[in-house]
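Have a look at the structure below, then the notes.
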Amino acid sequence: MSISTDPDGQAVTLDFAGQTSPYPFFNYKRRTEPVWHGSLTDQSQLPPELMPDDEWVLFGYDDVFRAFRDDQVFSSHAYDQTIGLVIGHTILAMGGKEHHDHRNLVAKAFRATALERWEPSVIGPICDQLIDEIKNDGSADLVKAVTFEFPTRIIATLLGLPRDDLDLFRRLSFDLISIQVDIEAGLRASAELHDYFLEQVEQRRRKTTDDIIGDLVSAEIDGEKLSDEAIISFLRLLLPAGLETTYRSSGNLLYLLLTHPEQLAMVYQDRTLIPAAIEEGLRCETPLTTVIRTTTQDVEIGGKTIPSGAQVDLCMGSANHDETRWTDPDTFDIFRPRQAHIAFAGGIHMCLGMHLARLETRVMLNSLFDRVTNLALVPDNDARIIGLTFRSPTKLPVTFTPAS
Ligand code: HEM
């Protein structure tokens, strides 16, 4: 299914299945109708109970940014009825004081300074081991061997889960995040994860540990501690929030570097370019292109009035290509002047895990570049970035030689 629009006799199509890039459509809409009374979802596939009565899309950077900042008017409470069905009531759907208090309790564990200690002890060794497993093979699919693997192994270790539970944790995580395709499997995984995490929390209430679950169990503000249910829901939130986005964003970045070999060579040579490459990858190929809000009152934006109770899709992918902010925005250029992107959202819900995502991607790239050279996509492969809401390559077949 797709919808098309026809400027000057040239069709601009949005393919709901995400097999072709949505960027020509986003770019066209941003220029012609940046506040659009329309939909980015294939309504014919939605069950009636999830069909919004009224739907709007914001495409421009300033409008998307404003909506993130104005969380009183653009509320995220509707997450309780979607992803909340499998993860529970979490900070993602909270607002105001409730959000402030809960986020403060969990934020400490995700500060850049708190994460530093994990680089040499956890993140580095996990990435090194993954690349060591493939470095002498001469070829690999980097999605299967690396990008799909490292965020799960890292988060399981940071949470302090036993090594032997990795396969169970991986299976439950992927069932949980597959709710769009299999709601029953998602609900089963949710219940299993509840019991699994409860056991982990109880262990730490008896004897505290130096890991994220230990931090959450002992977190306290004004004498208030998180309840078991709040901790378990938050831990379940980390799976869709932290795993899927990171494996997709790192796959996107590798794809962009591999398809721009001159920039890849420069990053190989000068590792101080890695942070700029990570930010440009997130801007150019935003892994999560759109999130949803609900208006709590009538609101005027871009000369249009969006009524109270409407669903508003904040298109971060489009905002990150806004030509009023970036020159030649569709081009991947790690040397462009630095300008903040919005791939991690903004306002009170701005990604809690962004420092971890940046850290683990930087460490993974360094491990890869230290261990293999002559990294190149296999000729005539059909690897490409696909998807509409979530975007990433499904495979990255590469050849390389082990570094001496
Ligand atoms: C490149 C990787 C990532 C991207 C692009 C990303 C993107 C986002 C976005 C767009 C939001 C806002 C959602 C909304 O407001 O509707 C968000 C929130 C969140 N993210 Fe991330 N994320 C990434 C990695 C992570 C990681 C690694 C973790 C933790 C392990 C994480 C944890 C969270 C949490 C807990 C929230 C909710 C914050 C709140 O509601 O206050 N994310 N992320």
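The values are calculated or read from the model by the stated rules, or taken from the named source; none is laboratory data. Since the model is a prediction, treat every value here as computed from it, not as a measurement. Glycine gets a Cβ as well: all are built from the backbone with ideal geometry, and neighbour counts include every protein chain shown. The area values use the complete protein model at the heavy-atom level, side chains included, leaving out ligands, DNA and RNA. Shrake-Rupley method; radii C 1.70, N 1.55, O 1.52, S 1.80 Å.
Which order do the peptides 340-350, 129-139 take when ranked by the mean count of other beta-carbon atoms within 10 Å per residue, highest first?
So the peptides 340-350, 129-139, ranked by packing, come out 340-350, 129-139.
From the backbone phi of segment 361-368, what are the Karplus-calculated ³J(HN,Hα) couplings (6.51 cos²θ - 1.76 cosθ + 1.60, θ = phi - 60°) in whole Hz, Gly and Pro given as x?
Listing the rounded values in order: 5, 4, 5, 4, 5, 5, 4, 5 Hz.
How much length, in nm to one decimal, is gained on full extension between Val378 and Glu300, taken as 0.36 nm per residue of separation minus their Cα-Cα distance?
Once the chain is fully extended between Val378 and Glu300, it gains 23.0 nm.
With θ set to phi - 60°, apply the Karplus curve 6.51 cos²θ - 1.76 cosθ + 1.60 along segment 109-122 and write out the HN-Hα couplings as whole Hz, x wherever there is a Gly or Pro.
5, 10, 5, 3, 5, 5, 7, 3, 5, 7, 4, x, 8, 10
How much length would be gained if the chain were fully extended between Leu273 and Glu192, taking 0.36 nm per residue of separation minus their Cα-Cα distance, in nm to one decimal?
Full extension of this stretch gives 24.9 nm more.
Compute, for segment 247-404, the length of the dipole vector about the Cα centre, with Cβ point charges of +1 (Lys, Arg) and -1 (Asp, Glu) only. Units Debye, rounded to 20.
Value, rounded to 20: 400 debye.
Whole number in Å², please: accessible area per residue of segment 2-402, 1.4 Å probe, ligands, DNA and RNA not counted.
44 Å²
Among 267-274, 218-225, 195-202, how do they line up from the highest to the lowest mean number of other beta-carbon atoms within 10 Å?
Top of the packing list down: 195-202, 267-274, 218-225.
Which whole-number percent gives the relative contact order of the chain, counting Cα pairs below 8 Å spaced six or more residues apart?
Working: 619 pairs, mean separation 104.9, N = 404.
Over the chain, the number comes to 26 percent.
Going from most exposed to least, what order do Cys284, Cys351 have by accessible area with a 1.4 Å probe? Display every interim value, and only then the final one.
Numbers: Cys284 10, Cys351 40 Å².
Of Cys284, Cys351, the descending order of accessible area is Cys351, Cys284.
Helix-derived [θ] at 222 nm for the chain: sum -39500 (n - 2.57) over DSSP H runs of at least 4, divide by residue count, nearest 500? Walk me through the intermediate numbers first.
Values: 16 runs with 169 residues, N = 404.
So the helix-based figure for the chain works out to -12500 deg cm²/dmol.
What's the extension gain from Ser218 to Arg103 if we count 0.36 nm per residue and subtract their Cα-Cα distance?
Between Ser218 and Arg103, full extension yields 39.9 nm more.
Going by the alpha-carbon gyration tensor, a ≥ b ≥ c the square roots of its eigenvalues, is the chain rounded (a/c under 1.5) or, if a/c is not under 1.5, prolate (a/b greater than b/c) versus oblate?
Cα axes put the chain in the oblate bin.
Please work out how many pairs of lysine residues in segment 2-402 are eight or more positions apart (or on different chains) and have Cα atoms closer than 29 angstrom.
Total qualifying Lys-Lys pairs in segment 2-402 comes to 9.
Taking H as built 1.01 Å from N, whose amide H comes closer than 5 Å to the amide H of Cys315, not counting residues under 5 places away?
For Cys315, the qualifying residues are Leu58.
When only alpha-carbon atoms count, how far does segment 180-320 stretch along each of its three principal axes, as whole angstroms with the largest first?
Sorted from largest, the Cα extents of segment 180-320 read 54, 50, 38 Å.
Explain nothing, just the number: relative contact order of segment 224-311, from Cα pairs under 8 Å at least 6 residues apart, as a whole percent.
RCO, segment 224-311: 21 percent.
At a 1.4 Å probe radius, carbon and sulfur cover how many percent of the accessible area of the chain? If you can, show how the numbers build up before the last one.
Details: 9390 of 18090 Å².
On the chain, the fraction of accessible area on carbon and sulfur atoms equals 52 percent.
Distance in nm between label sites at Met350 and Glu133, each 7 Å beyond Cα in the beta-carbon direction?
Placing both labels 7 Å along Cα→Cβ, they lie 3.5 nm apart.
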